[in-house]
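Engineer: The structure follows.
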Amino acid sequence: MNVPQAILLDIEGTTSSIAFVAEVLFPYARTHLRDFVAAHPDAVAPILAEVPGDDPLATLLQWIDEDRKATPLKTLQGMIWAQGYADGTLKGHVYPDTPEALRRWRGAGIPVHLYSSGSIAAQKLLFRNSEAGDLTPLLSGYFDTTSGPKREVESYATIAATLGLPPAVMLFVSDIRAETDAARTSGMDALLIARDGGGDVSSLAEVLP
Ligand SMILES: CSCCC(=O)C(=O)COP(=O)(O)O
Ligand SMILES: [Mg+2]
């Protein structure tokens, strides 16, 4: 593989465990959703307006259970998680190879950007309040579903254009094959990470070691 001019990283299953997202973050948002909405009516009004149906809260709770990557849900989850990170209830999980890789790539002069279905605010919270300390100084940018869904080719073209780079000089790493397929179709290099084996790599330590 040629050395890329930029690296794009998925979060859940790539930098951080699926269990942390599914068993810690999502339940936290589920538990605090109703109280948060009641306490912040003005802040959440524009988000609820984007949720279809007569009972937006019921729809949002259903979306959490279905792991829907809907932008209004992701925005609201990020706002709710901010409370948990602020009071110390939440600490962002990162695999040990994540900070090591971020430092290695920074040392090699390769900027690293995140691309997650989690909102940009949520991404910053996780990496600022990670178990390995504040990792945000090692990151150069953040992309979420406002750049498009992660399984669509156009989203990767949009991100590359935003960075002013041709897709061919970028490397994307994700644990979801549909995402790496979409990135490859856009022209990016892509690696499927499977921490139990069976992917292109099993940890970020194997990516541009
Ligand atoms: C930013 S942490 C929360 C991650 C999240 O909400 C999510 O849906 C995970 O999606 P990813 O694209 O990182 O697999
Ligand atoms: Mg993922």
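Readers should treat all values here as calculations from the given coordinates under stated rules, not as data from a laboratory. Remember, it's a predicted structure, so these values are computed and weren't measured experimentally. Glycine also receives a Cβ, built like all others from the backbone with ideal geometry; neighbour counts cover every protein chain displayed.
Engineer: Name the residue from 82, 96, 140 whose Cα lies farthest towards the positive end of the charge dipole of the chain, charges +1 on Cβ of Lys and Arg and -1 on Cβ of Asp and Glu.
Structural biologist: 140
Engineer: Right, next: Trypsin sites (Lys or Arg not before Pro) within the range 102-174: which are DSSP loop residues with at most 13 other Cβ atoms inside 10 Å?
Structural biologist: none
Engineer: Let me ask something else about it. Where the only charges are on Cβ atoms (+1 Lys, Arg; -1 Asp, Glu), what is the dipole of the chain about its Cα centre, to the nearest 20 debye?
Structural biologist: It works out to roughly 480 debye.
Engineer: Just to be sure I understand the curve: with the Debye formula and one point per C-alpha of the chain, what is log10 I(q)/I(0) at q = 0.07, 0.17, 0.18 Å⁻¹?
Structural biologist: -0.21, -1.17, -1.28
Engineer: Please arrange 63, 105, 81 by counting, for each residue, the other beta carbons lying within 10 Å of its beta carbon, fewest first.
Structural biologist: 63, 105, 81
Engineer: To the nearest 10 degrees, how steep is helix 26-39 against the longest Cα principal axis of the chain, on a 0 to 90 scale?
Structural biologist: Long axis of 26-39 versus the principal axis of the chain: about 40 degrees.
Engineer: Any idea what angle helix 153-163 forms with the longest principal axis of the chain, computed on alpha-carbon atoms, 0 to 90 degrees, nearest 10?
Structural biologist: Orientation of helix 153-163: about 80 degrees from the principal axis.
Engineer: Of 44, 60, 22, which is farthest along the charge dipole of the range 19-86 in the positive direction, counting Lys and Arg as +1 and Asp and Glu as -1 at C-beta?
Structural biologist: Sorting the options by dipole projection puts first 22.
Engineer: Given all pairs of different Cα atoms, what value in angstroms does the Kirkwood hydrodynamic radius of the range 116-170 take?
Structural biologist: Every distinct Cα pair counted, the radius reaches 12.2 Å.
Engineer: Continuing with the same structure: Charges only on Cβ, +1 for Lys and Arg, -1 for Asp and Glu: so what's the dipole of the range 9-52 about the Cα centre, in debye to the nearest 20?
Structural biologist: About 140 debye.
Engineer: For the range 19-86, what number results from the quotient of the Cα radius of gyration and 2.2 N^0.38 Å?
Structural biologist: That works out to 1.02 for the range 19-86.
Engineer: Under 13 Å from the 7 Å Cα→Cβ point of residue 178, by amide nitrogen: which residues of the range 65-82?
Structural biologist: Flagged as within label range: 67-70.
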